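Worksheet: one structure, shown below.
The values are calculated or read from the model by the stated rules, or taken from the named source; none is laboratory data. This one's a predicted model, so the numbers in the text were calculated from it and none came from an experiment. Don't worry about glycine lacking a Cβ; one is built from the backbone with ideal geometry, like all the others, and counts go over all protein chains shown. Ligands, DNA and RNA are stripped out before the accessible areas are found, and what is left, the full protein with its side chains, is counted by its heavy atoms. Shrake-Rupley method; radii C 1.70, N 1.55, O 1.52, S 1.80 Å.
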There are 2 protein chains.
Amino acid sequence: MRNFNFFQRFSRNFRDYDSQFKLVLLCTTVSGGGLLAYGEAVATSETAVPEKKKVLVLGTGWAGTSFLRNLNDPRYEVHVVSPRNYFAFTPLLPSVTCGTVEARSIVEPVRNIFRKKHVDSRFSEAECIKIDAVNRKVYCRSNINNNSNEKQDFVVDYDYLIIAVGAQVNTFNTPGVTEHCHFLKEVEDAQRIRRTVIDCFERASLPSVSDEERKRILHFAIVGGGPTGVEFAAALHDFVSEDLVKLYPGVKDLVKITLLEAGGHILSMFDKRITAFAEDKFRRDGIDVKTGSMVVKINRRAIATDEWLRVEGTNNVYALGDCATINQRKVMEDIAAIFKKTDTDNSGTLTLKEFQEVMNDICERYPQVELYLKNKQMHGIADLLKESKGDVQKESIELNIEELKTALINVDSEMKFLPATAQVASQQGAYLAKCFNRMEECEKNPEGPIRFREEGRHRFKPFRYKHLGQFAPLGGEQTAAQLPGDWVSIGHSSQWLWYSVYASKQVSWRTRALVVSDWMRRFIFGRDSSQI
Amino acid sequence: MRNFNFFQRFSRNFRDYDSQFKLVLLCTTVSGGGLLAYGEAVATSETAVPEKKKVLVLGTGWAGTSFLRNLNDPRYEVHVVSPRNYFAFTPLLPSVTCGTVEARSIVEPVRNIFRKKHVDSRFSEAECIKIDAVNRKVYCRSNINNNSNEKQDFVVDYDYLIIAVGAQVNTFNTPGVTEHCHFLKEVEDAQRIRRTVIDCFERASLPSVSDEERKRILHFAIVGGGPTGVEFAAALHDFVSEDLVKLYPGVKDLVKITLLEAGGHILSMFDKRITAFAEDKFRRDGIDVKTGSMVVKINRRAIATDEWLRVEGTNNVYALGDCATINQRKVMEDIAAIFKKTDTDNSGTLTLKEFQEVMNDICERYPQVELYLKNKQMHGIADLLKESKGDVQKESIELNIEELKTALINVDSEMKFLPATAQVASQQGAYLAKCFNRMEECEKNPEGPIRFREEGRHRFKPFRYKHLGQFAPLGGEQTAAQLPGDWVSIGHSSQWLWYSVYASKQVSWRTRALVVSDWMRRFIFGRDSSQI
C-alpha cells in the first residue's frame, strides 16, 4: 500500500508540473509497469512478514477502555465491539442524577480514545450475540435499527478475544423490581432518574393533588446502603434542600428520603467510624435509614478465569471486569505438585533451604499464602513451618508431605473474591494490556512464577489487585474517605480530595475541563431543574 | 391568615415562657375567643379590598415567557400552565443538533423566571384541553403519568386568559413526513437529531454494510431554505468536516448534504447579496442546494385577534405568538366612521385642517396608512389627498366621502401578516405585560387612538412590531446579517455580532454563562460525538 501511495504522489507531482518535465514524465510512463510490478512484489513479500494479530475487545466500560488505553504494541490490530460508542466515568453517575455534573461531561467517545494511539483500531457499535471459540469468530448484531427496522448482523474474526462486557443489574429475583425501580448503572439510568425526580416535584405541584398523594409522590426510597446508594441519597437530599426548595416552596416539607439496607449498617465495607458518622449525619439531615430490613442471597454469575484473566479451558480468550471472576487456585489442590517441585534432591522431605528457594514463586502463584502470613503476623516461611513442627531450630526443620499439608491447611481460607468495582476492572484492563504489549518478549523470557504442575515458568506474573482506597460522599460538601493503611478521613477536606481525585482520573482533558466547570457552575448557579 | 399566624406566634411565645408569665397566659386564654373573632372580622373586611385579578397564561415559549418577565404589577395573581416547565432559547436549536451548544444551556426553568418577581405566581405542568370562556374556566390535564398510568385533570379559573401555546409543525399534509422526518422545533427534536446523526455514522461504520448502503445512510436531506434550514445545513457540514472526519475517517467521503427549497432561492427573505453569497458558499462546501423542487400551499391556522392581541369576540382573552394572528382592521371597512369622526363641523366635506387633527390617530389605528405614505415617499397627508383632487392649493383641499375613498383605496394593500418568529412573540409578550402593568392607569387616562366606530379612545396603543434584523449563520464561522435600514453584513465579523447578540439575549445569567462556555469548549475541544 505504501508503495502505491508513493507512486500516486510521484505521478501527481508530474501532473502538476507536466509542461516543464515532459521528458521525465515520458520515462515515468514507460517505467510505470515496472513500478507497479515492484509494488505488487513487495505486497507479496509483505504478507510473509507475520500478519498483525487480531485482538477483538467486547465492551467499552472500565476494563475494556483501560485495556485500550494501555495497549501500545503496533503489531496488534484491534477491533472493538460495544453497544455504546463511548466510555462513561461511572463513579460520577450519582452526581448526574441530580445535575451536579452533566451526563455529557463524564463520557468520552471510544474512537477518541484510540485515535491518539499507534495501534490500528476500529470500532463497531453492536452487541455480541454468539462466540464461536473453535473457529475464533464472534457473531455481532448492530443495535441501531435501519429504516426498514432490521438490525445488521456481522461476523468478526479474532486471534485474541477480550470479554469485558460488564454485568447485568442483579434484581435478586425480587418481584416488581424491573417494573417499578430505577437502576443506576448506565448514563441513561442517571438521566432517567433526574427527569423522574423533577417529574415527581411537578406532579406534586398540581392543584388537584391531595396532600396525602403529594407525600406519596415525594417519598423517594433508595435500596442499598453501599457507597452508591449513600451517595445518591446524599445528592438527592442536597438537591432538594439547596435547589428545589427555592422553586417548589409549597411541597418541600413533604419530601421524604428513605435508605433501605439489607445488612445491619450502611457503608458496612468501610471503617466503623465512617459508618457511625454517616448514619449520624443522615439522621440529622432527616434521611430515614432502615437497616436489616431484608436479607437476600447473592448468586454471582460470571465467567471464570485463571489468575492471568484467561477464560478457563481456553487459550486466547480473556475475560475481565464485572463479567469475570478469578477462580484462584487452591494451595491444597496443588500440594503434591508443590512438594515435588520444592524437593529438589528428591529426598522425600523438604528442608527450610529448599523451601526458601521457591517461596517467592509460591507467594506469587498463591497470593493467599502471603495474605495468611501477614494476617497471622508471621515474618517468614520459617514461622509457618514451625507451626506444624513445634519448637525446633529453624535450620533443622524438615517436613514430609503430610507435615507440609498440616502447615498449609488453613492458607486457602484467605482467598477472596474481588469486588465488582471500577477500580478492579481498570487495573485488570491495564494489566492485560501490559501483558499483550510484552507478549513476544515474555514468550522468550518468562517472568512469571514456576509452573508447579508443569514444566517451566508462567509467561507473566498473575494479576494482583491493589486497593487504592474508597470514597463515600455524604452530601453537604462532606465525604468519607478510607485509604490504604487504615487511613480514615471524614469531612470537608476529604470532599476536596474527592474533587481532585475524580478530576485527575478523567480519561481526557475534555471531560476533565467539563467536569470541573460543571462543579463550578453548580457552586455559582445551583443545579438545573428543567425536564431536559 | 396573617392574623391567625400572629395569634399562633403570640401563643407560642407564651408557651415558651409559661412559667414566668402565668398571669398573662391566663388573660390570653380568656381573651382568645375575642382575638379569633377579631381575626374573622378582619378577614371579612379584607375581602372588601379588591381581590387579586387572576391571570392564566398558557404556554412557556417566547410569548408567554416574555409576558411573565415583563409583568410586575403585584395586583395580579399569575398561574402558568404549560407541558414544559422550562423556557427554551429556540434560535440556538440548530447549534444543539450538532453539539455546539448543549440542550441544557439554552433552557431556564419557568419557576426560576418568576421566582425573582414580586407578582404571586404558580406553575402547573399540564396541557390545556378545553377553554370555557363563558364561565372563565380552563380545563387542564397533567402530562406526567402517575404510577397507575392515569393523568390528573384539573380546572383553573381566570379573570384574564393569555393564550401563548405556539403552533404545531406544518407538514403541508405531505405523506410520510410524520413517519420519516425529524422536525426542529423543540429541544427534544434537536437532541433526537443529534443522536440520529451519530447513529448514522455508527451504522455506516459497521463492517457488513455495502458502500452503496453507506452512501444512502450518510445522505442528509434538509427541507426548507429559510434561516433555520440553512443554519442546520451549515452546522451539520461543520460538524462533519471539523469533527466527525477525525473519528470516522473511513466514511467521511460518503457524506452528502442536500438542502431542498420550494422557492427559487434559499434565504429568499434576505437581501439578494446574502442569498448569492450563501448559495455560493454552499456550492464550495459541497452542500447540494436544490431549489424550486416543489411548491406547496400554506394554510395558516391561528387564533384571530385584534390589534391589541385580544381574541376576537372576547373581552378578557388574549392570544400571542405563533398561535395567533392579528386581523388588522381595514381602512375601507371603517371609511364612513372615519369620515364622520373627522368631519367635526358636520359640513359633509373634510378640510386639510380637520384631517390633520386626527391624522396621528388614523396612522396609529391603521398602521397600513403610514406604511403606504412611506412606500409612496409621500411626506404628509396633503400629498395623499392631493392625489384624488389633482393640482390644487394645499390649504383649499376639501374632500367628500367618495373622494376620501378614492384617496385611501390602495392603502389596505400594505397590510402584512407578522412572521411566526421568536422576535414577534417576544415583543408581543412584552407589549401585553406593559398593558397589564398599566391597566388601571390607562382605564382612567386612555392613551390609545380615537375609537372611530364608538366613542372615546382606546385604552392602549395597538401592538406595533419593530423588526430588529435577522441572522443566517452559514457555517465556517461566517454569518449573514440583515439589520434595519438595509444594513447588510456577511462574514466573520457578523459571526461575532451573532455571538454577542445571542449571548446578551439569554434569559438568565446561568444560561448566558453556559452558552458562552459551550462555545469556548467547542473552540478548544470540538464537538462531542457520544450518543448521549
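Values computed for the structure shown
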read-out	value
Any chance B:ALA302 is more than 14 Å from every other protein chain (Cβ to nearest Cβ) and modelled with pLDDT under 90	yes
Counted residues, region A:156-209 - those being away from chain B (no Cβ under 14 Å) and not aromatic (Phe, Trp, Tyr)	20
Selection within region B:210-250 - assigned to a loop (DSSP other than H, G, I, E, B) and open to solvent by 10 Å² or more (accessible area, probe 1.4 Å)	B:SER210, B:GLY224, B:GLY226, B:PRO249, B:GLY250
Candidate set: region A:109-134, residues that are more than 7 Å from chain B (Cβ to nearest Cβ) and under 22 Å from B:ASP518 (Cα atoms); chosen: the one least open to solvent (accessible area, probe 1.4 Å)	A:VAL110
Residues of region A:490-502 classified as within 19 Å of A:THR275 (Cβ to Cβ) and buried (at least 19 other Cβ atoms within 10 Å of the Cβ), total	4
Residue in region A:171-188 that is over 29 Å from A:ILE274 (Cβ atoms) and basic (Lys, Arg) present	no
A:LEU404 open to solvent by less than 40 Å² (accessible area, probe 1.4 Å) and more than 28 Å from the chain's Cα centre (by Cα)	yes
Residue selected from region A:77-115 under the condition hydroxyl-bearing (Ser, Thr, Tyr) and over 18 Å from B:LEU247 (Cα atoms), by the criterion farthest from the chain's Cα centre (by Cα)	A:THR100
A:GLN191 modelled with pLDDT of 90 or more and of a type in the set (S, T, N, Q)	yes
Pair list, Cβ < 7 Å and 6+ apart or interchain, from region A:244-263 residues that are within 11 Å of chain B (Cβ to nearest Cβ) to residues that are assigned to a helix (DSSP H, G or I) and open to solvent by less than 40 Å² (accessible area, probe 1.4 Å)	A:LEU244/A:PHE201; A:LEU247/B:ARG111; A:LEU247/B:ASN112; A:TYR248/A:PHE201
Pick from region B:69-94, criterion outside any strand (DSSP E or B) and open to solvent by less than 10 Å² (accessible area, probe 1.4 Å), ranking: nearest to the other protein chains (Cβ to nearest Cβ)	B:ASN85
Test: residue in region B:280-303 that is among the β-branched types (Val, Ile, Thr) and within 30 Å of B:ILE131 (Cβ to Cβ)	yes
All positions within region A:480-489 that are open to solvent by 40 Å² or more (accessible area, probe 1.4 Å) and either touching a residue at least 60 places away in the same chain (Cβ under 8 Å) or at the interface with another protein chain (Cβ under 8 Å from one of its Cβ atoms) (or both)	A:ASP486
Filtered residues of region A:138-151 (kept if within 11 Å of chain B (Cβ to nearest Cβ) and open to solvent by less than 40 Å² (accessible area, probe 1.4 Å))	A:CYS140, A:SER142, A:ILE144, A:ASN146
Restricting region B:508-531 to residues that are open to solvent by 20 Å² or more (accessible area, probe 1.4 Å) and in a loop (DSSP other than H, G, I, E, B), the residue that is nearest to the other protein chains (Cβ to nearest Cβ)	B:GLN531
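Here is a yes/no grid of residues against (1) open to solvent by less than 40 Å² (accessible area, probe 1.4 Å); (2) under 21 Å from A:ILE532 (Cα atoms):
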{"position": "B:ARG136", "(1), (2)": "no, no"}
{"position": "B:ASP153", "(1), (2)": "no, no"}
{"position": "B:LEU161", "(1), (2)": "yes, no"}
{"position": "B:PRO175", "(1), (2)": "no, no"}
{"position": "B:HIS182", "(1), (2)": "no, yes"}
{"position": "B:ARG195", "(1), (2)": "no, yes"}
